[in-house]
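In what follows, a single structure is set out as structure tokens and then discussed.
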Amino acid sequence: MIARIILLGCLLSASPLLFASEASDPYECNKRKPCLKHGAEVFHYRCSLCHGNDGLGEGILPLALGNYPNTNLLEPRFGKSLRRIEDVIRKGGKMKKVNDEMPPWEDELNRREIKSVALFNEFLHRDFEAAVAMLKDLAKGIEPSKRIGRAIYLGRCALCHGKSGRGNGKMVRIIKNPPPFNLTLSRVDDHYLYNIIYKGGEAMGRSPKMPPWGKDLNEQEIESLILYLKTLRK
Ligand code: HEC
Ligand code: HEC
């Protein structure tokens with residue numbers, strides 16, 4: 001009897017620990033707490049334009065522009081610890097010595113998104129292959145939707161085409177003749193949209209400043225974009 005009580009006591013006192021370690025498992029996604037999986041999502045949608053699909057710096061933007069600061073996250077100059085990574089993400093170019101091209105994310109992303117993407121960034125340093133596998137898994141098996149299209153649009157297209165598609169993104173200061181297309185006036189069909197997104201402007205006899213996305217986005221993601229682009233039309 002006494003032994004059973006002791007055993008029970010042990011179980012009871014051990015269980016809060018068990019729960020605590022479960023709740024803080026960074027892989028598990030809990031709606032309120034920061035976690036790796038959510039960080040991978042934020043990274044995929046918001047960071048790969050400049051840092052590349054796998055964080056190695058070969059983003060579409062640096063490739064399209066050339067002469068761009070080094071965006072390889074595996075060769076960090078500032079973000080060497082989790083806390084520093086989080087600082088750079090929050091403040092970006094507002095920090096001393098950090099290039100202006102790195103946006104400050106504190107007004108754009110919420111606390112959980114910032115903490116999660118910082119965790120993911122640190123995971124990239126620690127276990128690159130597992131981190132890349134996680135990113136690949138994300139994009140698999142999604143159903144095309146306007147919601148996903150919008151997330152991709154905001155992360156990869158808005159910098160040139162503008163948040164509401166009017167061709168007035170931040171990059172218009174360097175992309176001219178022609179400027180990024182005003183997508184509210186676009187009337188081309190789905191087939192054409194698919195091709196210009198997949199192959200880029202140059203392959204379609206248009207400006208090479210419209211990048212090809214076929215290597216960065218999968219079929220379902222491009223279909224999601226097409227659904228979303230049509231909602232921008234006037
Ligand atoms: C518009 C392009 C752009 C986007 C989008 C962007 N970054 Fe950056 N980021 C940069 C540039 C450029 C640098 C290099 C700054 C420098 O070298 O001074 C940088 C630097 C960083 C660094 C510091 C790396 C180091 O050398 O220590 C971190 C961390 C970082 N970015 C994380 C992120 C995260 C996370 C996201 C998404 C939420 C993101 N970035 C989105 C352009 C971008
Ligand atoms: C670096 C700047 C840049 C980025 C990023 C960019 N575009 Fe473009 N895009 C352009 C430019 C410039 C044109 C105009 C090409 C021309 O008229 O020759 C264009 C044209 C287009 C067109 C042609 C519209 C029409 O009706 O003819 C579509 C569609 C388009 N972009 C979609 C996208 C999507 C979707 C994304 C994100 C996945 C994207 N673009 C990202 C610069 C960009």
Number of the condition not met by Arg147 [criteria: (1) assigned to a loop (DSSP other than H, G, I, E, B); (2) more than 9 Å from ligand 2 (Cβ to nearest atom)]: (1)
Candidates Leu217, Leu154 - the one that is within 16 Å of ligand 1 (Cβ to nearest atom), in contact (Cβ under 8 Å) with a residue 12 or more places away in the chain, assigned to a loop (DSSP other than H, G, I, E, B) and out of contact with any Gly (no Cβ under 9 Å at 6 or more places or on another chain): Leu217
Any hit, region 124-137, residues being closer than 19 Å to Glu28 by Cα, modelled with pLDDT of 95 or more and crowded, with 19+ Cβ neighbours inside 10 Å: yes
Boolean, Ile174 is more than 6 Å from ligand 2 (Cβ to nearest atom) and surrounded by fewer than 16 Cβ atoms within 10 Å (Cβ to Cβ): yes
Out of Glu101, Glu143, sole residue that is modelled with pLDDT under 95, open to solvent by less than 70 Å² (accessible area, probe 1.4 Å) and farther than 18 Å from Ala40 by Cβ: Glu101
Selected residue [touching a residue at least 60 places away in the same chain (Cβ under 8 Å) and among the charged types (D, E, K, R)] from Glu202, Glu223, Glu122, Glu129: Glu223
Given (1) over 30 Å from Val88 (Cβ atoms); (2) open to solvent by 20 Å² or more (accessible area, probe 1.4 Å), index of the condition Ser186 fails: (2)
Matching residues in region 167-214 - criterion: being assigned to a loop (DSSP other than H, G, I, E, B), among the hydrophobic types (A, V, I, L, M, F, W, C) and away from ligand 1 (no atom under 16 Å from the Cβ): Phe181, Val188, Met210
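Report yes if Arg150 is open to solvent by 80 Å² or more (accessible area, probe 1.4 Å) and either at pLDDT 95 or above or in contact with a strand residue (DSSP E or B) (Cβ under 7 Å, 6 or more places away or on another chain) (or both), otherwise no. Spell out how you get there, then give the answer.
Values: open to solvent by 80 Å² or more (accessible area, probe 1.4 Å): yes; either at pLDDT 95 or above or in contact with a strand residue (DSSP E or B) (Cβ under 7 Å, 6 or more places away or on another chain) (or both): yes.
Criteria met by Arg150.
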Scan of region 189-233 for residues that are surrounded by fewer than 19 Cβ atoms within 10 Å (Cβ to Cβ), small (Gly, Ala, Ser) and under 22 Å from Ala151 (Cβ atoms), ordered by number: Gly214
Single unsatisfied condition, Gly79 versus (1) surrounded by fewer than 20 Cβ atoms within 10 Å (Cβ to Cβ); (2) out of contact with any helix residue (DSSP H, G or I) (no Cβ under 6 Å at 6 or more places or on another chain); (3) within 23 Å of Ser116 (Cβ to Cβ); (4) at pLDDT below 95: (2)
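The values are calculated or read from the model by the stated rules, or taken from the named source; none is laboratory data. Just so it is clear, the model here is predicted, and its values are computed rather than measured. Note that we place each Cβ from the backbone using ideal geometry, even for glycine, and neighbour counts take in every protein chain shown. Note: areas computed on protein heavy atoms with side chains; ligands, DNA, RNA excluded. Shrake-Rupley method; radii C 1.70, N 1.55, O 1.52, S 1.80 Å.
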